[in-house]
């Protein structure tokens, strides 16, 4: 092999050696970038997992808050119904108070005990004594008058009883309304607490999303750098293969040249032997036959 070819092959082998070192460096850097990308992806996925759990918790709190708010609305409706009933019964009490005042103005001068005693005395007298018709008629008329006066006392008693009953009902419904109001306040406080927790979770989710986006950005950047290094790796590998192909071609050409020289030398010696009448070897005979010289 001539010096020029030797120099060309040596230079190409040296370049291959340098490119192999570069290839090793690129491969190491690319693997480092891929590990970095995986690390960022793992960090991002961990944050996404936290976000999913927080969103699930926020949804649970929201459902509970909405349930409380529905209960509050129902309690307010019930409390409003009770307050309307209280208002209605107070109107009834005012009406009865007016009737009571009117009945009191018509109350007889005699006491109820006196009227009751007088009625009993007259009834007993009528039942136990034979009376002339006029006297009996007068006594019955007297009884009617006394009973009319008694009916006023009975009316007053009845009205007072109705007022007392209504006042008890008002008191009971106001107590029930007050309990409902207290329950509404407690539920509203719990609902507000749940809403505050939801707000805190939402703020935390926003923070984590921003962090996850940052991790994803770093992951994308690392992958992009790894891809660039991958392209460089393939380019260097392509160059190494091209250099090896060049060397192969040079060596193939050199082998062809040497074979040609060898055949030429073998042909020359065979022709000289023929001229001298010497016996040819099988290789010499075969070569001259292939060349059409014999």
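General remarks:
- Candidates 93, 51: the one that is under 30 Å from residue 193 (Cα atoms) and touching a residue at least 12 places away in the same chain (Cβ under 8 Å) is 51.
- Looking only at region 236-252, and only at residues there that are touching a residue at least 24 places away in the same chain (Cβ under 8 Å) and closer than 16 Å to residue 4 by Cβ, the one that is nearest to the chain's Cα centre (by Cα): 246
- Residue match in region 160-168 (condition: at pLDDT 95 or above, exposed (fewer than 12 other Cβ atoms within 10 Å of the Cβ) and over 60 Å from the mean Cα position of the chain (by Cα)): yes
- Conditions (1) modelled with pLDDT of 95 or more; (2) over 24 Å from residue 194 (Cβ atoms); (3) more than 20 Å from the chain's Cα centre (by Cα): number failed by residue 72: (2)
The values are calculated or read from the model by the stated rules, or taken from the named source; none is laboratory data. Predicted model, so just to flag it, every value in this text is computed and none were measured. Note: ideal-geometry Cβ built from the backbone for every residue, glycine included; neighbour counts use all protein chains shown.
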